[in-house]
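So the structure is just underneath, and the comments pick up after that.
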Amino acid sequence: MFTIRKTLFDQDHTLIVGLFDEDLHHQLIFQSLNKHSSGQVDTYVKEGDISTEYKHVSKYLSSGQLPVKRVYFLGLGKKGQLTRIRLKKAFGKLFKQIQADKIVQLSIALESFRPDNLSNEECAEIISEAMGTATYQLASFKRNQVQTITSIDSLTLISDGDEGILLRSLEKGIAFSKGVNKARHLVHLPANILTSAHMAKYAVDLADEYGFTAEILEKEQMEELGMGALLAVNQGSSEPPKMIVLKYQGLEEWTDVTAFVGKGITYDTGGYSIKSKTGMPGMKGDMGGAAAVLGAMETIGRLKPKQNVLAVIPSTDNMISGSAFKPDDVITSLSGRTIEVLNTDAEGRLALADGMTYAKQLHAVRIINVATLTGGMVTALGSWMTGALTNSEDFFKTVQDSGEKMGEPIWQLPYNEDYQAQVRKSSIADLNNSPTRKAHPIMGGAFVGEFAEDTPWVHLDIAGTSTAEAAHDLGPKGPTGVMSRTLADYILTR
Ligand code: BES
Ligand code: MN
Ligand code: ZN
């Protein structure tokens, strides 16, 4: 599907050219096109038919003058302002247009897109990631839906660069997009289909595909081990819980292990602290953290870095029945800590508690947990940034850098002994799962932090970022697959 070519023209292809605002006449590819068209391209620019404005797509039909089918110009704006993420979004918009126009063969003049701060390889990676994520369409369960998706079947980069390296960069971008799209797919699936058992099966298949070790703990094993927190959340359900574990070993020894712990609540009714009729729809997405972790594992499986990665996903739905857990219940977590349940809707932190402890038992030396944990985070940061807590500034910084680079920005919230004191406040148990409405996104993270103990830990609350209210340049309305890229990049660059 991917090829690298040195010459500009191919009769059968649509040529894609980037245009920066400044010095149009010094942009080599523009010069060449202008010459071949006897100045016509330049005339179109002067008359405004071709624009250099950021993200503007101009189509140009060469009517036989150029030995290509047609040219799409993509405006890039000011060269100095073109960051990684801005370039990715511009390509996302372009690929959506290309998909709508049913174009299946294209050549991209790589050099015309490259700002001074990015290498050819980085640009290639950005291009294929944008293509994979922007053109992705969510599965449909409509009875008579006809498959209308056209996918690009031949993409050529025009470049003098090293062929092998550029092809590898393209594959890397694809590996990221596959991870993101798998995460989106999982979040999209309704909870009657994506049960904990279904998610476990998905993880086992992923392990088979990429050579991970998979371990699925069943309810009986959880009872033996004492995973009382996850079991409490599952108590009202007719679906058995699963503790899903994947191990990717890229080093000789199982040391220096980074763990990802993802909240895998397949449906959150709130339990007896029941959600409202408007608060409940959408709660099929309460396994967005698990999806991000599985998405990252997909990318890691494809790229095989020399790192050790552990994925831990405590999974169940949060239901109501005669056997469900209740406010006032006191439960015992895997760590031995007892918890007073004040709110059954604060279930994610309970499931995560046992996931965190289990990750430590499996030799994690640093832990990133990802969760759609609190509605308060949606209020605080909206859908634009993921909220974070940490007990290790250095560790946090590296995770935040990956988020920044991959276009998944992260904002840190405060965490100190005052907040810790709130989750430790109980007259009957060691901890309580819902101290107060005040600062509740922090309380949620702080509760999970109790189970990190001294292990360096970053908490990522994606309640606001895991779904998009509208279609955007890099994907459809709905699940975003957020943090899949960040987790994978963190592993690949550390
Ligand atoms: N899954 C929800 C958080 C959530 C809310 C995610 C909206 C996405 C959108 C979580 O389990 C929850 O119910 N949190 C409570 C915590 C409260 C009981 C302390 C919340 O946010 O209200
Ligand atoms: Mn809840
Ligand atoms: Zn929840």
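The values are calculated or read from the model by the stated rules, or taken from the named source; none is laboratory data. What you are looking at is a predicted structure, and each value in this text was computed from that prediction instead of being measured. Here Cβ is always computed from backbone atoms with ideal geometry, including for glycine, and neighbour counts include all displayed protein chains. Ligands, DNA and RNA are excluded from the accessible area calculation, which covers all protein heavy atoms including side chains. Shrake-Rupley method; radii C 1.70, N 1.55, O 1.52, S 1.80 Å.
Summary of the geometry: the stretch 291-327 and the stretch 356-425, compared by the centres of their Cα atoms, lie 16 Å apart. Diffusion coefficient of the stretch 351-494 by Stokes-Einstein, Kirkwood radius over Cα pairs, 25 °C, 0.890 mPa s: 157 µm²/s. Under 8 Å for C-alpha pairs, at least 6 residues apart: give me the relative contact order for the chain, rounded to a whole percent. With pairs under 8 Å counted, the relative contact order is 15 percent. Computed over all pairs of different Cα atoms, the Kirkwood value for the hydrodynamic radius of the stretch 2-160 is 16.1 Å. Sorting 259-266, 91-98 by their mean Cβ neighbour count within 10 Å, with the most densely packed peptide first, gives 259-266, 91-98. Of interest is the spacing of the C-alpha centroids, which for the stretch 34-79 and the stretch 150-164 amounts to 21 Å. Taking every DSSP bridge with both residues inside the chain, close to 40 percent are antiparallel. Only sites in a loop by DSSP and with at most 16 other Cβ atoms within 10 Å count here; which GluC sites (Glu not before Pro) in the stretch 51-127 make the cut? Counting only loop positions with at most 16 other Cβ atoms within 10 Å, the GluC sites (Glu not before Pro) in the stretch 51-127 are 53.
Rolling a 1.4 angstrom probe over the protein heavy atoms with all chains in place gives the stretch 213-325 an accessible area of 36 Å² per residue. For the chain, the longest principal axis of the alpha carbon atoms and the long axis of helix 120-134 meet at an angle near 70°.
Computed packing ranks the peptides 344-350, 153-159 as 344-350, 153-159, most packed first, by mean other Cβ atoms within 10 Å.
Rounded to the nearest 10 degrees, what's the angle between the helix 393-406 long axis and the longest principal axis of the chain, both from Cα atoms, 0 to 90? Once rounded, the angle reads 40 degrees. Kirkwood Rh over Cα pairs of the stretch 379-435 into Stokes-Einstein at 4 °C, 1.567 mPa s: D in µm²/s? Approximately 98 µm²/s, per Stokes-Einstein.
With a bin width of 20 angstrom, please list the P(r) values of the chain as percents of all Cα-Cα pairs, from the 0 bin to the one holding the largest distance. P(r) over the chain, rounded to whole percents: 24, 49, 23, 4, 0.
Run the dipole for the stretch 2-160 about the Cα centre, Lys and Arg Cβ at +1, Asp and Glu Cβ at -1, nothing else charged, and hand back the magnitude in debye, nearest 20.
640
Estimated from helical segments only, the mean residue ellipticity of the chain at 222 nm is -11500 deg cm²/dmol, where each DSSP H run of four or more residues counts as -39500 (n - 2.57). In the stretch 177-493, the portion of solvent-accessible area held by carbon and sulfur atoms comes to 51 percent [1.4 Å probe, whole percent, DNA, RNA and ligands not counted].
Peptides 308-315, 23-30, 462-469, 333-340 ranked from most to least packed, by the mean per-residue count of other Cβ atoms within 10 Å: 308-315, 462-469, 333-340, 23-30.
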